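A short worksheet on the structure shown next.
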Amino acid sequence: MTEASVSVWQLRWRRLARDRVALGALSVLVLLYGLCFSAAWIEVWLDVTGVDTDLMSRFDPIDARHWLGSDEAGRDEFTRILRGGQISLSIGLFAAIGSSFVGTVIGATAGYFRGRVDMVLMRFTDFMLAMPALPVLIILAAIDLTKLGFSQDFVRSGAAGYWRIVLIVTLLGWTTVARLVRAATLSLVEREFVLAARAQGASSLRILWVHVLPNAVTPIIVATTLRMGSVILTESALSFLGVGIQPPSTSWGSMLTNAQELMASNPLLAVYPGAAILMAVIAINFVGDGLQSAFDPRADPH
Amino acid sequence: MGRFLLGRITGAGIVLLLKSFVIFALIGLMPGDPLDLMMNANPETTPEQMAHLRAMYGVDLPITQRYWTWLVAALQGDFGYSRIQHRPVLDIIIPALGNTLILTGAAFVLSTTLAVTLGTIAALKRGTWIDRIINLFAFAGISVPSFWLGLLMIYLFAVRLGWLPAGGMPRPEQGFGGMLAHLVMPVMTLVIVETGGLARYARAAMIEVLSQDYIRTARAKGLTDRRMLVRHALRNALIPVLTLVALQLGGLFSGAALTEAMFAWRGMGRLILEAILGNDYNLALVCLMFVTATILIANICADIAYTWLDPRISLGKRRR
Amino acid sequence: MHTVCGMTALLETTNLTVSFGDRAGWFRPAREVLAVRSASIALQAGEVLAVVGESGSGKTTLARALLGLVPIAAGEIRYDGCDTATMTAPQALAMRRSVQMVFQDPFGSLDPRLPVGAIIAEPLDIHGIGSPASRRARVAELLGLVGLAADAAGRYPHQFSGGQRQRIAFARALAPSPRVIIADEPLSALDVSIQSQMLNMAAELRARLGLAYLIISHDLAAVHHIADRVATMYLGRIVEVADVDELFTRPAHPYTAALLAAVPRIGAGKWMPGAALGGDIPSPLAPPTGCAFHPRCPAASSLCATATPEMRAIRAGHDVACHHPLGTA
Ligand SMILES: Nc1ncnc2c1ncn2[C@@H]1O[C@H](COP(=O)(O)OP(=O)(O)OP(=O)(O)O)[C@@H](O)[C@H]1O
Ligand code: SF4
Ligand SMILES: [Mg+2]
């Protein structure tokens, strides 16, 4: 096949593949996700546990079984980090996708219908943007769900705690995507291929779904990636403050809460989870940055 | 100008009002309202007593009515009492506001200066290793959890080396030196976290300005006074940076909340966290209102500064 | 005069007016651009009608109004004698199906994210014509009709040249078997050599499929080649309509004459006013009073500045809006 028959995505992938930093970051990220979600097998293989307490082996030093030693309750620190990562990384993924979804719906609606709809939605976006994010997140995280009619059992369950975090981070995180998608939609609906569809009598839904969103996918992907990083940071802060992931579940942030008290005697226990967060978020940000330049239309042939 | 300001202030007032209602409603959904707490303290409370208490506290009224009562009092300057500290909330908030201003003000000035400097250097040395190193630091700053950074600093500088106090406020007799010693770590934390994104933004703005026609023309004409050029470009690049800074004040504040909590700095952020986590409703609510008002005022100031810096824009035209 | 659905022209406008404007803001009055003013044109079945005029004269707006892409402020549009404003939904759908558009910019009118097959099949999808298999067959047939290989269906717009893209756009317009194709400067983005290929293709398809064309063009040579009738537009108004040979040999409106004067190959007539078209087209926000052309018109009298000339027939099939039409005095 000739150069002319290469699709947009192939071109983009080639540009990304030439970006060594982004590719390195992507590998780190894939490895991190892979390791975390194989935690159960690694535990079997090393014959350790990151879940059950073992008071006989508290603060074990680093050795062939305990790659990072063990913590104050005798749990293996390495596999515990991996298990914490399962929660932190998957919340990052889900909440980022969730925010992008909400932001895309709101941004596309505002940009497509314009006028009054646009004005109302954008004022709402400004309103959300000016929220002091962390305090509001804490309030949302602390809301007593039984007052909203949920059952006690549900509220106490680990799943409720997990999805509550995903939900609230989603609810406060969609503004950037909404603005990007709105801007893209505003310019796309003026393009002639959209007029061509409208002249046929295509429905708004069809125009948005077939013509607008596929053409706005670039900023959405980049923003979703970058959002993943900030979600992981937010979740860790909430868990660190004790309003995020609750024991017995664990995330990198909640591991730091415990480690803080043991700082003087066992500083390393506070180093590992934070380093894991830093590694994941920095990799995500480098990938997002790489995607951004690989997708830059100014580099496209047309 | 007057009209523009009036419009902006009215808008901000409406946002503030809306926000106070949303936060009021949300806080009402938090666990442990005064009655829950009383019940826990005295399990023998009878249902009749409960009903009586509910009526007394007005908890059985609809949310809009309770909000109205609160609002009317607040507008008359009566912001109520803190449940935990048993003092009028204003007495608590004002010193905290001062402390926060000291901390975030210092961090703000330092990080903006640093970001613009680094961004300018990176833009001028675009593509070199200097650019790459600055970029790496910027990314590290964006990606590090601030509370973890604070934790590591406390361990290193306070626990291990003993150079700095681990946290808390300086006592009056410690003077300026004491203030500085207590400020170093929280300010450093904030600066590291805030500078990265801003520096990348400043770099992009600078590159944009440097590639604009008049600058290229000036260069082509042999205007080689680098300092003149940089000063000129800087003035133009500052505009978007400033706007971003103002828009991110909410973010800066969130960052400060965690940092204040880490270093036991008695500012608004820490106060809010304590109030929320300790079910001190009224205090939390009033604090959040103060913070939101500050953010809104800062945004208006940014708009004015924006116009002042860029003569091409007249007040009244919105961004976007 | 209200027409019931019945036999008249295929596509027709009466006193069509399109206005763009923003509503009054807090600090400024509303602004209004009358992009099309009281324009009446009629396209007969199987006919080629060309609309010519300078940039900004409202040609694109007229075309878009015909397709229902911009709201109309006054006047009416009739398809097959039926007023579009009072059409039933099935009638409107039938019209959308039968009146197709080819846009000016072959890079902008094709969705870069869709393969060519999907682009051409879009009208079929929207109107629910045929099964997926029959649509694929139709796409292959259409590609052959416009002279593209059948494997083009699986490729993307950016893999084609400008001329090929315009063929794709043409194939899309042909897909639902329309009766009218409205083409807004379909050639202006193409190389000259490709323009003549496209013209030949359009002429051939017209003969084969019995299409009517409404062609908007700057290119008077091409218009002369393909059109049956020509309408001249100036500042939103139709100022002259005539058969193509009549208009090119005996233009009656000074503006048409000036346009023709700019085309040396054709405008060698002796009747040409000495002055070429000077000055710029006035702002449509504040059009001149009377005949909008009077500040630039070599034949203008004091009447022209105050009274707006109405369209009237000076010969059979030759209408003009001018107080002092050329070649009649
Ligand atoms: N969406 C719009 N909003 C406001 N004004 C418009 C809009 N579209 C067109 N106009 C104005 O209407 C007038 C007619 O424009 P139109 O595009 O129809 O001219 P045209 O004859 O097609 O010009 P060209 O040859 O440059 O394509 C112009 O003054 C233009 O500025
Ligand atoms: S009406 Fe008068 S100004 Fe207008 S075109 Fe005719 S002669 Fe010229
Ligand atoms: Mg046009």
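The values are calculated or read from the model by the stated rules, or taken from the named source; none is laboratory data. Computed from a prediction, not measured in an experiment: that's the story for all the values here. In this analysis, Cβ positions are derived from the backbone assuming ideal geometry, glycine residues included, and neighbour counts consider all displayed protein chains. The accessibility values were calculated without ligands, DNA or RNA, using every heavy atom of the protein model including side chains. Shrake-Rupley method; radii C 1.70, N 1.55, O 1.52, S 1.80 Å.
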Any aspartates and glutamates whose Cα falls less than 16 Å from that of B:LYS19, other than same-chain ones fewer than 8 residues away, would be A:ASP126
To the nearest Å², the heavy-atom accessible area per residue of chain C with 1.4 Å probe amounts to 43 Å²
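Relative contact order for segment C:16-170 using alpha-carbon pairs under 8 Å, separation at least 6, rounded to a whole percent?
19 percent
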Rounded to a whole number, the mean other protein chain Cβ count within 10 angstrom for residues of A:187-193 is 5
Among segment A:181-201, those whose backbone N falls under 15 Å of a label point 7 Å along Cα→Cβ from C:ILE129 are A:197, A:199-201
Residues from segment B:257-297 losing no less than 40 square angstrom of accessible surface in the full protein assembly compared with the chain alone, 1.4 angstrom probe, ligands and nucleic acids excluded, are B:LEU258, B:LEU273, B:ILE276, B:LEU277, B:LEU288
Between C:ALA94 and C:GLU141, Cβ-based FRET efficiency (R0 22 Å, step 0.05) works out to 0.50
The simple spin-label model distance between A:ARG18 and B:ARG87, using points 7 Å out along Cα→Cβ, in nm, is 6.4 nm
Quick calc: nm separation of the 7 Å Cα→Cβ label points for B:THR128 and C:THR306 -> 7.6 nm
For segment B:161-172, Karplus-derived ³J(HN,Hα) couplings (6.51, -1.76, 1.60; θ = phi - 60°; whole Hz; x for glycine and proline) come out as 8, x, 7, 10, x, 5, x, x, 9, x, 7, x
Percent relative contact order for chain A, counting Cα pairs under 8 Å at least six residues apart, stands at 23 percent
Helix-only [θ] at 222 nm, chain A, -39500 (n - 2.57) per DSSP H run of 4+, per residue, nearest 500, equals -22000 deg cm²/dmol
Ranked by GNM mean-square fluctuation in chain A (Cα springs under 10 Å), the top entry among A:PHE101, A:PHE124, A:PHE78 is A:PHE124
Descending packing, highest mean Cβ count within 10 Å first, for C:303-313, C:170-180, C:40-50 is C:170-180, C:40-50, C:303-313
Per residue of A:232-241, other chain Cβ atoms within 10 Å number on average 4
Averaged over the residues of B:133-146, the number of partner chain Cβ atoms within 10 Å of each residue's own Cβ comes to 5
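Using 0.36 nm per residue of separation minus the Cα-Cα distance, give me the extension gain between B:PHE21 and B:MET179 in nm, one decimal.
53.1 nm
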Hits for chain A under the membrane-span-like helix rule (DSSP H, Cα axial span at least 20 Å, Kyte-Doolittle mean at least -1.0) are A:20-36, A:77-113, A:115-129, A:158-172, A:217-240, A:267-295
If amide H atoms are modeled at 1.01 Å from N in the peptide plane, then the residues at a separation of 5 or more from C:MET101, or on another chain, having amide H under 5 Å from its own are C:ILE182
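Counting protein heavy atoms only and a 1.4 angstrom probe, how many square angstrom of accessible surface do chains A and B bury in total, to the nearest 100? Walk me through the intermediate numbers first.
Values: alone 16410 and 18520 Å², together 31200 Å².
Chains A and B together bury roughly 3700 Å² of accessible area.
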Length gained, A:VAL217-A:ASP63, 0.36 nm per residue minus C-alpha separation, equals 50.7 nm
With a Förster distance of 30 angstrom and the Cβ-Cβ distance between A:SER204 and C:ASN15, calculated FRET efficiency to the nearest 0.05 equals 0.45
By the mean-Cβ-within-10 Å protection proxy, highest first, B:271-284, B:100-113 rank as B:271-284, B:100-113
Within the protein assembly as shown, the percent of DSSP beta bridges that are antiparallel, given to the nearest 5, stands at 60 percent
So for chain A, using the alpha carbon gyration tensor with a ≥ b ≥ c as root eigenvalues (a/c under 1.5 gives rounded; past that, a/b versus b/c decides prolate or oblate), I'd call it oblate
Along segment C:38-46, Karplus-curve 3J(HN,Hα) (6.51, -1.76, 1.60; θ = phi - 60°) to the nearest Hz, with x for Gly and Pro, reads 6, 8, 10, 9, 9, 10, 7, 4, x
Taking R0 as 51 Å and r as the Cβ-Cβ distance between C:THR86 and B:CYS301, the FRET efficiency 1/(1 + (r/R0)^6), rounded to the nearest 0.05, comes to 0.35
Calculated from DSSP helices alone, with each H run of at least 4 adding -39500 (n - 2.57) and the total divided by the residues of chain C, [θ]222 nm to the nearest 500 comes to -9000 deg cm²/dmol
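Output the relative contact order of chain C, whole-number percent, from Cα pairs under 8 angstrom with separation of 6+ residues.
Relative contact order of chain C: 19 percent.
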Each label sits 7 Å from Cα toward the beta-carbon; between A:VAL155 and B:THR64 the label points are separated, in nm, by 2.6 nm
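Based on the mean of other beta carbon atoms within 10 Å per residue, what is the order of C:181-189, A:145-153, most packed first?
So the peptides C:181-189, A:145-153, ranked by packing, come out C:181-189, A:145-153.
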Under a 1.4 Å probe, counting only protein heavy atoms, C:ASP319 has an accessible area in Å², nearest 10, of 60 Å²
